[in-house]
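One structure, pasted below without further comment.
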Amino acid sequence: MTESMSLVEAFKQTQYQIAGNGRRNIQILKEAFEHIDDQQDSDMYGNGEIIEMFQKKMATYLGKESAVFFPSGTMAQQVALRIWCDEKGIKRVAYHPLSHLEIHEADGLKEMHHIDTLLLGDESGLMELEDVLNLDQEIACLLLELPQREIGGQLPDYQTIVEISEYCQAKGIRLHLDGARLFEILPYYQKSAAEVCGLFDSVYISFYKGIGGIAGAILAGNQEFTQQSKVWKRRHGGDLISLYPYIISANHYFDQRISKMEQYYENAKELARLFNSCPFIQTKPAVPQSNMFHVHITRSKEQVEAIFKEVYYETGIGLTSYLREENQSSVSFEVSVGDQYNSIPKDKVQKAFQSLQVKLTE
Ligand SMILES: Cc1ncc(COP(=O)(O)O)c(C=O)c1O
């Protein structure tokens with residue numbers, strides 16, 4: 001029955017999915033606009049009540065002097081690093097080898113801004129304080145990504161961030177936070193966003209990860225920094241005449257989901273325990289530190305695909321729509337917990353994992 005179907009097709013037919021906030025469809029936009037006044041004016045080239053109010057709200061939430069709304073995090077972060085490089089007159093920054101800028105942005109920072117990068121730490125682990133202390137070249141800025149997405153959303157302990165921050169301040173190195181998933185890590189640290197952001201000179205946050213909006217980012221810092229970022233936003237073509245579809249949806253889903261991050265975190269830990277109870281499966285990290293983790297299965301892609309499709313068909317529960325082939329006998333995929341998980345009856349979740357355990361053992 002399921003043999004001819006691809007994994008993604010089988011996944012689409014499931015009644016429930018364990019991860020995320022639901023399908024990215026038109027309904028997401030409609031819901032965000034449902035209670036918005038028809039007469040509300042749009043923003044115009046970065047000005048207007050709608051954008052200014054949201055920027056103020058986010059600056060306050062992050063404990064920063066000022067904030068600017070950007071269409072994407074990719075743009076916001078390249079701009080941030082460019083500003084810090086210009087300030088110091090050094091075109092070099094440092095970040096983790098698997099940072100978003102290094103592996104997902106087609107070298108935008110290097111090609112467009114001619115900024116060199118130093119890769120700090122080992123690919124398979126977190127950047128350590130030692131890596132920063134051992135820097136042998138001058139840099140204008142150090143970027144920390146919290147959580148480190150490509151290694152399953154791992155986090156350093158809080159004291160390490162404090163020490164890195166103190167060191168950078170003493171050395172005149174700007175510290176920038178890639179906080180694409182900042183909201184999602186606050187339950188682990190038991191800190192407010194403002195407390196975490198207080199350790200950084202500049203911060204980027206995203207509205208379409210745990211928050212589940214359409215797209216968009218905020219870049220925050222002091223007045224002088226955000227003023228310059230507006231100029232760079234224009235140069236990058238990011239000053240769209242109106243950004244309100246993104247702003248309204250970001251605001252709507254921020255209000256709706258910001259208080260649910262603790263629940264997502266607890267659910268991620270529960271879900272990781274279920275995966276880890278299956279043979280040949282290990283999650284990374286073993287105990288999630290945010291709402292996300294990676295699942296590693298030491299079976300071939302073909303085997304896992306066949307097993308997953310059977311589980312989806314039998315139980316109506318979708319575990320993932322894709323598998324990344326690590327090598328011939330191992331696959332992985334990412335899980336980011338959102339609203340979906342709590343909408344699944346617990347007995348159905350149990351059944352899906354029992355079925356997975358049996359099939360992996362056969
Ligand atoms: C850690 C991290 N940084 C930056 C970005 C870039 O965000 P955007 O897609 O808004 O450009 C992403 C997007 O996935 C991300 O995961």
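How large is the dipole of the chain about the Cα centre if only Lys and Arg carry +1 and Asp and Glu carry -1, each at its Cβ, rounded to the nearest 20 debye? It would help to have the intermediate numbers written out before the result.
On the way: 35 positive and 50 negative charges, 110 e Å.
Dipole size: approximately 520 debye.
Could you list the chymotrypsin sites (Phe, Trp or Tyr not before Pro) in region 7-113 that lie in coil according to DSSP, counting only those with at most 15 other Cβ atoms within 10 Å of their Cβ?
Counting only loop positions with at most 15 other Cβ atoms within 10 Å, the chymotrypsin sites (Phe, Trp or Tyr not before Pro) in region 7-113 are Tyr45.
Angle between the Cα long axis of helix 223-235 and the longest principal axis of the chain, 0 to 90 degrees, nearest 10?
Approximately 70 degrees, to the nearest 10.
Can you find, among Val337, Phe225, Tyr322, the residue sitting farthest towards the positive end of the charge dipole of region 210-362, where Lys and Arg contribute +1 and Asp and Glu -1 at Cβ?
Most positive-ward Cα: Phe225.
With θ taken as phi - 60° and the coefficients 6.51, -1.76 and 1.60, list the Karplus ³J(HN,Hα) couplings across region 68-76 in order, rounded to whole Hz; mark glycine and proline as x.
Coupling constants for region 68-76: 10, 7, 10, x, 8, x, 4, 5, 4 Hz.
Post the alpha-carbon centroid distance, region 232-252 to region 299-336, in whole angstrom.
37
Quick check: from the Cα gyration tensor, does region 93-242 come out rounded (a/c under 1.5), prolate or oblate?
Rounded, because the longest to shortest axis ratio a/c is under 1.5.
Also, I was wondering about something else. Is there a quick way to get the dipole size of region 43-241? I mean about its Cα centre, with the Cβ of Lys and Arg at +1 and of Asp and Glu at -1; what is the value in debye to the nearest 20?
With only Lys, Arg, Asp and Glu charged at Cβ, the dipole is about 760 debye.
Would you kindly state how much longer the chain becomes between Glu325 and Gln40 on full extension, computed as 0.36 nm times their sequence separation minus their alpha carbon distance, in nm to one decimal?
Stretched out fully, the Glu325 to Gln40 stretch lengthens by 97.8 nm.
Follow-up. Report the charge-dipole magnitude of region 240-288 in Debye, nearest 20, computed about the Cα centre from +1 at each Lys and Arg Cβ and -1 at each Asp and Glu Cβ.
Using only the charged Cβ atoms, the result is roughly 160 debye.
Going through the cross-link list Lys56/Lys284; Lys191/Lys269; Lys209/Lys230; Lys171/Lys260; Lys12/Lys346, which pairs have a Cα-Cα distance over 27 Å in this structure?
In this structure, Lys56/Lys284; Lys171/Lys260 exceed 27 Å between Cα atoms.
May I pose another question? Picking from Asn291, Pro245, Leu109, whose Cα lies most toward the positive end of the charge dipole for the chain (charges on Cβ: Lys, Arg +1; Asp, Glu -1)?
Pro245
Same structure again: Under the definition of Cα pairs under 8 Å and six or more residues apart, what whole-number percent is the relative contact order of the chain? Don't skip to the end; give the middle numbers.
Working: 672 pairs, mean separation 91.7, N = 362.
25 percent.
Using amide H atoms built 1.01 Å from N in the peptide plane, name the residues 5+ places from Glu326, or on other chains, whose amide H lies under 5 Å from its own.
The list, which skips near neighbours in sequence, is Val331, Ser332.
Using label points projected 7 Å from each Cα along Cα→Cβ, tell me how many nm separate Ile258 and Asp116, to one decimal.
4.1
Still on this structure, I have one more. Label Asp86 and Lys12 with points 7 Å out from Cα along Cα→Cβ: what is the distance between them in nm?
Between Asp86 and Lys12, the label points sit 4.5 nm apart.
Another one. Go through Val358, Gly73, Gly125 and say which Cα lies farthest out towards the positive end of the charge dipole of the chain; charges sit on Cβ, +1 for Lys and Arg, -1 for Asp and Glu.
About the Cα centre, the residue reaching furthest to the positive side is Val358.
From the square roots a ≥ b ≥ c of the eigenvalues of the alpha-carbon gyration tensor of region 94-158, which class results: rounded (a/c under 1.5), prolate (a/b over b/c), or oblate?
Judged from the Cα gyration tensor, region 94-158 comes out oblate (a/c at least 1.5, b/c at or above a/b).
Can you give the FRET efficiency to the nearest 0.05 for Gln159 and Val358, using r as the Cβ-Cβ distance and R₀ = 35 Å?
Calculated transfer efficiency: 0.20.
Test of understanding: ordering Asp107, Asp339, Asp116 by Cβ neighbours within 10 Å, fewest first, what list do you get?
So the residues, fewest neighbours to most, are Asp107, Asp116, Asp339.
Considering only DSSP beta bridges where both residues belong to region 43-241, give the percentage that are antiparallel (nearest 5).
Around 40 percent antiparallel, to the nearest 5.
If you average the alpha carbon positions of region 1-74 and of region 176-226, how far apart do those two centres end up, in angstrom?
Cα centroid to Cα centroid, the span is 16 Å.
Are there GluC sites (Glu not before Pro) in region 1-106 that DSSP marks as loop and that have at most 10 other Cβ atoms within 10 Å, and which are they?
The qualifying sites are Glu3, Glu34.
For region 43-241, what's the relative contact order in percent, using C-alpha pairs closer than 8 Å and at least 6 residues apart?
In percent, rounded to a whole number, it is 31.
Here is a follow-up. Nearest 0.05, what FRET efficiency do Glu31 and Asp136 give at R0 = 56 Å with Cβ-Cβ as r?
0.60
Using only Cα atoms and rounding to the nearest 10 degrees, what angle (0 to 90) does helix 261-276 make with the longest principal axis of the chain?
The answer is roughly 40 degrees.
Read-outs: derived from the displayed coordinates by stated rules, not from any lab. Owing to the predicted nature of the structure, the values given are computational and were not obtained by experimental measurement. Glycine gets a Cβ as well: all are built from the backbone with ideal geometry, and neighbour counts include every protein chain shown.
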